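The values are calculated or read from the model by the stated rules, or taken from the named source; none is laboratory data. It should be emphasised that the depicted structure is a prediction, and the values quoted were computed from it without experimental measurement. Glycine gets a Cβ as well: all are built from the backbone with ideal geometry, and neighbour counts include every protein chain shown. Accessible surface areas use protein heavy atoms only, side chains included; no ligands, DNA or RNA. Shrake-Rupley method; radii C 1.70, N 1.55, O 1.52, S 1.80 Å.
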Amino acid sequence: MKQPRGRQEPRRVGNAAMVVTMLISLCVLTYIKARYCSNPFPKSPEPLEPAAVDVDEDYDSTRYKLSGPIGEEDFDPTRPTCYNTSKRSERCAAVGDIRVDGNHSKIYISPLSREWRTKPYARLHDAVAMDDVREYTLVPFGGANDTAVPPLCTRNHSAPAFLFSNGGFAGNLYHDYADVLVPLFTSTHHFGGEVVFLLSGMKDWWNEKFTPLFRQLSRYDVVDVDNDLEVHCFHRIVIGATFHRAMGIDPARSPGGITVADFKRTLRRAFRLERAVASRTGAPRRDRPRLLIISRRSSRRFLNERAMAHAAAAARFDVRIAEPDNHTDMPNFARLVNSADVMMGVHGAGLTNMVFLPSRAVLIQVVPFGGLEWLSRVTFKDPARDMDVNYMEYNVSLEESSLRDLYPEGHFYLKHPYDVHKKGWDAIKTVYLDKQNVRLNLTRFTETLEQARDLLPLP
């Protein structure tokens, strides 16, 4: 016997409503998870899979067709105004009537098909870093359907503009070079100085620190674009530098085929560095190689630094100890590094100063206990090869680590570092980088110096 229709319909409607409600809830939760609950380090500041940052296989080299005069590119009109040049970098480019109102984070462009938004910092994969980068809006004007009224020009430029940022992690020397300066050199060297730098997030001390390099790349003063009240007008603009690999340049992908060797030569000119090649006997008028020990004040300190210096001197090294920071006089420190034949330090931003070492010098990276070989490779080992610097690694044993005193024998952190790695970058950094100092075995240290001496070229 059939049930009355009036009792069956409400049940069907109720079931349908429940299904629809569940689908809507699933969509909402998916959106919230993607937008707000994702890991703030999609890839850690130096990813657990180093190959992901060695070379960006999706780097787009087709944009560069240097058949015309230096500084000119053959733009492909089929490309969008803004597009990814690698997994870490985005580039926007336009020609026409361009008006930069940096104080309001707007760039008015005619012609332009639609509005775009971009953050000109080469660390797109890192949400934490990008949160500290100012966003710029590219606004179309002058078209039939455009409603924006652009401001009047107050300063006109004949050279093209290049907009980049020193937000994000800039201020840490490693990120200064990896995220900003090497990509900037890669992307602007071919302009031959005829380019105006627009710097977003400018810090006066940071700009002053690298002004010698900027003067090698541009004939014009750097514009503090965020705070400048002028409306700067150009016929051409490029926004965002292109990233190849950590502190590296792929000559097959760079305009003019430039390399990291070209970058180092530019640094030598910028900071007036005299030594081009290291020597087993050191600089002229010295009879021994110079060892520069990079000191640290907080974590990852050498606990027996003075004893190390005495041991190195006994092994016939001319020893210098230096502790660079954000207030270090960059030209003077660059000359100190350039005077060294061997530079040694615990893993950290200070080792980035290897960019000033002469060719065929030796970099000894002291790798803290905790299975951090992958991190040492990505940050300094691979870049050293590109910079024509001999690389050595001193891996700290548990007996040389302060963690031995911090945790009891057999502790999980001491026995299973790779299991700690599975917990992500924050756990690695907290346990093995932020809380660890080292006391090198002096016999092993001296043996390492002798190996470094053998790598140095004869005079």
What base-10 log of the normalised intensity I(q)/I(0) is obtained for region 253-369 from the Debye formula, alpha carbons as equal point scatterers, at q = 0.14 Å⁻¹? -0.60
Toward the positive end of the charge dipole of region 250-350, about the Cα centre and with charges on Cβ (Lys, Arg +1; Asp, Glu -1), which of Leu336, Leu267, Gly257 goes farthest? Leu336
Relative contact order for region 168-291: what percent, with Cα pairs under 8 Å and sequence separation of 6 or more? 27
Which GluC sites (Glu not before Pro) in region 215-310 sit in a loop by DSSP (not H, G, I, E or B) and have at most 15 other Cβ atoms within 10 Å of their own Cβ? Glu230, Glu274
Protein accessible area in region 202-338, 1.4 Å probe - carbon and sulfur %: 45
Extreme residue, positive dipole direction of region 160-233, given options Ser200, Cys233, Ser218 (C-beta unit charges): Ser218
Relative counts (whole %) of C-alpha pair distances in region 178-266, using bins that are 10 Å wide: 15, 49, 30, 5, 0
Along Cα→Cβ, 7 Å out, is where each label goes; now give me the distance between the ones at Asp426 and Arg265 in nm to one decimal. 4.7
Apply the Karplus parameterisation 6.51 cos²θ - 1.76 cosθ + 1.60, with θ equal to phi minus 60°, to every residue of region 447-455 and state each ³J(HN,Hα) to the nearest whole Hz, in sequence, with x for glycine and proline. 4, 5, 5, 5, 5, 5, 4, 5, 7
What do you get for GluC sites (Glu not before Pro) in region 337-432 restricted to DSSP loop and a cutoff of at most 11 other Cβ within 10 Å of the site's Cβ? Glu409
Output needed: percent of Cα pairs per 10 Å distance bin for region 308-459, bins running from 0 to the one holding the longest distance. 10, 37, 35, 16, 2, 0
Mean projected area (nm²) from the convex hull of Cα positions in region 180-331 is 12.2
Based on the Cα atoms of region 91-178, what semi-axes does the equivalent ellipsoid have, where each is the square root of 5 times one gyration tensor eigenvalue, given in whole Å with the largest first? 28, 14, 11
For region 222-288, which trypsin sites (Lys or Arg not before Pro) are in a loop by DSSP, counting at most 12 other Cβ atoms within 10 Å? Arg272, Arg285
Nearest-10 value in Å² for the accessible area of Ser397, using the 1.4 Å probe: 40
Report in % the part of the accessible area of region 339-428 that belongs to carbon and sulfur, leaving out ligands and nucleic acids; probe 1.4 Å. 47
If the limit is 30 Å between Cα atoms, which of Lys381/Lys429; Lys87/Lys435; Lys106/Lys381; Lys106/Lys264; Lys106/Lys429 go over it? Lys87/Lys435; Lys106/Lys381; Lys106/Lys264; Lys106/Lys429
Between Thr137 and Asp419, what is the FRET efficiency for a Förster distance of 41 Å, r being their Cβ-Cβ separation, to the nearest 0.05? 0.35
Which whole-number value in Å² is the accessible area per residue of region 245-368, probe 1.4 Å? 38
